[in-house]
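Here's the structure, in structure tokens; my notes come after.
The values are calculated or read from the model by the stated rules, or taken from the named source; none is laboratory data. None of these values were measured; they are calculated from a predicted model. Here the Cβ is made from the backbone with ideal geometry for all residues, glycine too, and neighbour counts use every protein chain on show.
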Amino acid sequence: MSILEQFSDLHARFFARKDILNAAQEIAEKLETNIAWIEQVHGDRSIVVRDALNATEKADGIATDQKNLALIIQVADCQAFLFYDPTKKILSLLHAGWRGLASNAIQKHIDLLSKTWNTDPHDLFVYIAPSICAACYEFKGWHDVLPAAMHPYVQNDHLDLMSCANDQLKAADILQDHIERSPDCTCHMASSYWSWRAKNTGPDAPKEDRTKRNYLVAMLKTIS
Ligand SMILES: [Zn+2]
């Protein structure tokens, strides 16, 4: 069973091809709850939230111990991670593209959970939403910007973000059988997902589609 469905106190969904202007409100209405989302900046900062947040903080990770508060991360080719600690009842989401992986955003995110709630990485379950595959992700000039630790993930000017993230999760002591990754590539499957590289969103897309993203949404539920 998917990590997204296996815990009765966790509600999580990946919304593909949603309009950024309507998504937050639609999601809030659908879940009948407050939402917390951040202004994502391709950085390495994660924050703790305990109330609604309307993208007024610059960060790429968001974590909570509060029930009935929906967390949202938006992506188009980048990786969206869900972390759930069923022992401490902690939920968090993280957005990471190559910049996030290069700045150790994953380790820093897990450090925040450990520091704030004493989360043991061995207790964490991780879901990774559809994202771009190595075959679709050509990265010219990588040698000048990627740290040496990421060079092994480049082949013929294509960067394998998925393998790099998998290894970073392993290095952060996440158990292999606690990790679930969607096999879908957002670019290969651009009819199903918004993809920057497939040019159905972002600066090269038709004007009305430029701001569109996919959304990973998750919330801790009260079990009655
Ligand atoms: Zn692909």
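Of the numbered criteria (1) at pLDDT 95 or above; (2) in a strand (DSSP E or B); (3) within 16 Å of the ligand (Cβ to nearest atom), the one Ala165 fails is (2). Cβ separations smaller than 9 Å between residues 6+ apart or across chains give the following pairs from segment 113-142 residues that are free of Cβ contacts under 8 Å to residues at least 24 places away in the same chain and farther than 22 Å from Arg181 by Cα to residues that are assigned to a loop (DSSP other than H, G, I, E, B) and within 16 Å of the ligand (Cβ to nearest atom): Lys140/Asp157; Gly141/Asp157; Trp142/Asp157.
Mind checking which residues of segment 84-102 are surrounded by fewer than 24 Cβ atoms within 10 Å (Cβ to Cβ) and out of contact with any His (no Cβ under 9 Å at 6 or more places or on another chain)?
Taking segment 84-102 as the starting set, the residues that turn out to be surrounded by fewer than 24 Cβ atoms within 10 Å (Cβ to Cβ) are 85-90, 97-99, 102.
Answer for segment 84-102, where residues must be surrounded by fewer than 24 Cβ atoms within 10 Å (Cβ to Cβ) and out of contact with any His (no Cβ under 9 Å at 6 or more places or on another chain): Asp85, Pro86, Thr87, Lys88, Lys89, Ile90, Ala102.
Within the option set Asp167, Asp177, being farther than 24 Å from Ser103 by Cβ and acidic (Asp, Glu) holds for one residue only, Asp177.
Of the residues making up segment 103-118, those that are crowded, with 17+ Cβ neighbours inside 10 Å and not in a helix (DSSP H, G or I) are Ser103, Asn104.
Do we find a residue being β-branched (Val, Ile, Thr) and surrounded by fewer than 15 Cβ atoms within 10 Å (Cβ to Cβ) anywhere in segment 60-83?
No, because not a single residue in segment 60-83 is β-branched (Val, Ile, Thr) and surrounded by fewer than 15 Cβ atoms within 10 Å (Cβ to Cβ).
Here the strands (runs of 3 or more DSSP E) wholly within segment 1-84 that include at least 2 residues being touching a Leu at 6+ places or on another chain (Cβ under 6 Å) are 10-18, 34-39, 61-64, 69-75.
Residues that are more than 16 Å from the ligand (Cβ to nearest atom) and aliphatic (A, V, I, L, M) were ranked within segment 176-224; the one that is surrounded by the fewest Cβ atoms within 10 Å (Cβ to Cβ) is Ile223.
Could you check segment 93-151 and list, in sequence order, the residues that are within 16 Å of the ligand (Cβ to nearest atom) and either under 13 Å from the mean Cα position of the chain (by Cα) or small (Gly, Ala, Ser) (or both)? Across segment 93-151, the qualifying residues are Gly97, Trp98, Ile128, Ala129, Pro130, Ser131, Ile132, Ala134, Ala135.
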